[in-house]
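Colleague: Mind having a look at this structure? Questions to follow.
The values are calculated or read from the model by the stated rules, or taken from the named source; none is laboratory data. No experiment lies behind these values; they were computed from the predicted model shown. Cβ coordinates were reconstructed from backbone atoms using ideal geometry, including for glycine residues, and neighbour counts include every protein chain displayed. Keep in mind that these areas ignore ligands, DNA and RNA; they rest on the heavy atoms of the full protein, side chains included. Shrake-Rupley method; radii C 1.70, N 1.55, O 1.52, S 1.80 Å.
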Amino acid sequence: MIKRRGDVLKISFSAFFADLGYQAVVASFPIVFVLVFNAPIPLYGFAEALNYGLGTFMSYIGGIAGDKYGRKKIAIIGNILIILVSFVGFAKDYVEALIFFMLGWWFRNFRSPPRRAMMAEVTTQEERAEAFGILHSLDIAGALLAITYLSTLLFFHFPILLILPFTAIPLVISTIVLGTVNAGERVVKEGRKEAITNKKVFWTIIVSTMFFGFSQYSFGFPILTTAEISGKDYLGIISYGVFLGASSLFGYVFGKLRLKELSSLAFLGYLVASLASLGFALLSKFGLITLYPLSFIMGIAVASTETFEPTIISKLIKEESYGAGMGYLSAGRSIGLFLGNTVMGFLYQISYSYAYLFASTMSLVSFLLVLSIILRK
């Protein structure tokens, strides 16, 4: 039983409302960028690389700033500025759409490490897998609802650009809820020397999450694949909903089951993701009958990584450096996403199969890295 369940739920519901807003924009972005404004696919890959990759810097700065100036303050600043993604609805071309989305996404990266650090702050080591599972589950539940209302409105032929400005409303609610959390106020003045308790495991996880970033491409690629093969935009959006639904459900399940964290990360996270990407490469041609189950399987893999990566990292660093540790974790993923999305964009232009095969291989490298730690124990 989590002692400070109230604060855990406040942080988690703040994530729920944030995703209820910005995830509708995330799902819309590839359609707006490529299908509405006619940007070429390689440029979309580069755009996503900018969104995720340069967010590396923002993730690291957000983690450090949270430790230095107060995690709650930094998390709130970043959270409210995510609202910039809603301005994609006012864009006149793909350049404006990219600028609005990119800036909002960078601030999302900026707030994530201090928010994760706040979660670690209000829980004990034994409670963290469950707490991060709840966070991920509610986070993705908000995203799933966002995909539901977006898909419904698109089905009834509402203009996609008209929908997006209204995503600002749940983002404001998210920030208000985050402001009620009784954590993250303390400013850490101590140095960070020897803050990492097991450097070999810590840096192996950071490197493995970077390689997983190569494979955890923006889900915009499966959205595009589904939309192109089916010929209907809303069916592409639904694939994202399937992915998010699985991720939300299994994030909660993994947190409750008290599984071995390293083994679960390796087998249920990285290995399953590798198999899902391989499936996208080989089976997408069969249409929705394979695309939706593969989206579901990828959701399971991401639920594992989002539950077990921060749990493991929080146990390998001292409390005064929670923010910096989560910053390293987010930065590692973002570096991989930057390079991965760039490569995916160019390979996708040749054939989607090549793009997903690349992703599958990179996720397999992550699996082997963590497996090497397990076998040494």
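Colleague: Which value in nm describes the separation of the simple spin-label points at residue 54 and residue 35, placed 7 Å from the Cα toward the beta carbon?
Modeller: Simple spin-label model gives 2.7 nm for this pair.
Colleague: Suppose R0 equals 56 Å. What FRET efficiency, 1/(1 + (r/R0)^6) with r the Cβ-Cβ distance, do residue 68 and residue 351 give to the nearest 0.05? Can you show the working numbers first?
Modeller: Numbers: r = 47 Å, r/R0 = 0.84.
E(calc), rounded to 0.05, equals 0.75.
Colleague: Using a Gaussian network model of the chain with C-alpha springs under 10 Å, which one of 170, 113, 40 is most mobile by mean-square fluctuation?
Modeller: Fluctuation is largest for 40.
Colleague: May I ask you to give the percent of accessible area on the chain that is carbon plus sulfur, with a probe radius of 1.4 Å?
Modeller: Reported share for carbon and sulfur atoms: 71 percent.
Colleague: Starting from the exponent 0.38 and prefactor 2.2 Å, build the expected Rg for the range 1-135 from its residue count and divide its actual Cα Rg by it.
Modeller: Taking N as the residue count of the range 1-135, the ratio is 1.16.
Colleague: In what order, largest first, do 44, 352, 69 sit by accessible area if the probe radius is 1.4 Å?
Modeller: From most exposed to least exposed: 69, 352, 44.
Colleague: Taking each pair of different alpha-carbon atoms in the chain once, compute 1/r for the pair, average those values, and report the inverse of that mean as the Kirkwood hydrodynamic radius in Å to one decimal.
Modeller: 20.1
Colleague: Could you identify which residue out of 98, 35, 81 has the top mean-square fluctuation in a GNM of the chain using Cα springs shorter than 10 Å?
Modeller: 35
Colleague: Taking the full set of protein chains and a 1.4 angstrom probe, give the accessible area of residue 73 in square angstrom, rounded to the nearest 10.
Modeller: Accessible area of residue 73: about 120 Å².
Colleague: Relative contact order, percent, of the chain when contacts are C-alpha pairs under 8 Å separated by at least 6 residues?
Modeller: It comes to 29 percent, rounded to a whole number.
Colleague: Applying a 10 Å radius around every beta-carbon, put 121-129, 324-332, 196-204 in order of their mean neighbour count, most first.
Modeller: 324-332, 121-129, 196-204
Colleague: Now for a different question. Please give, to one decimal in nm, the separation of the simple spin-label points placed at residue 199 and residue 158, each 7 Å out from Cα toward the Cβ.
Modeller: Spacing of the two 7 Å Cα→Cβ label points: 5.3 nm.
Colleague: Another question, then. With a Förster radius of 45 Å, plug the Cβ-Cβ distance of residue 361 and residue 319 into 1/(1 + (r/R0)^6) and report the FRET value to the nearest 0.05. The partial results should precede the final answer.
Modeller: Details: r = 37 Å, r/R0 = 0.83.
Computed FRET efficiency for residue 361 and residue 319 comes out at 0.75.
Colleague: What is the distance, in nm, between label points placed 7 Å from the Cα along the Cα-to-Cβ direction at residue 90 and at residue 103?
Modeller: Those two pseudo-labels are separated by 1.0 nm.
Colleague: Can you give me the angle between helix 199-215 and the longest principal axis of the chain, using Cα atoms only, in degrees from 0 to 90, rounded to the nearest 10?
Modeller: Here the helix axis deviates by roughly 10 degrees.
Colleague: Same structure again: Could you work out which residue, out of 251, 279, 323, moves most in a Gaussian network model of the chain, that is, has the largest mean-square fluctuation with Cα springs under 10 Å?
Modeller: 279
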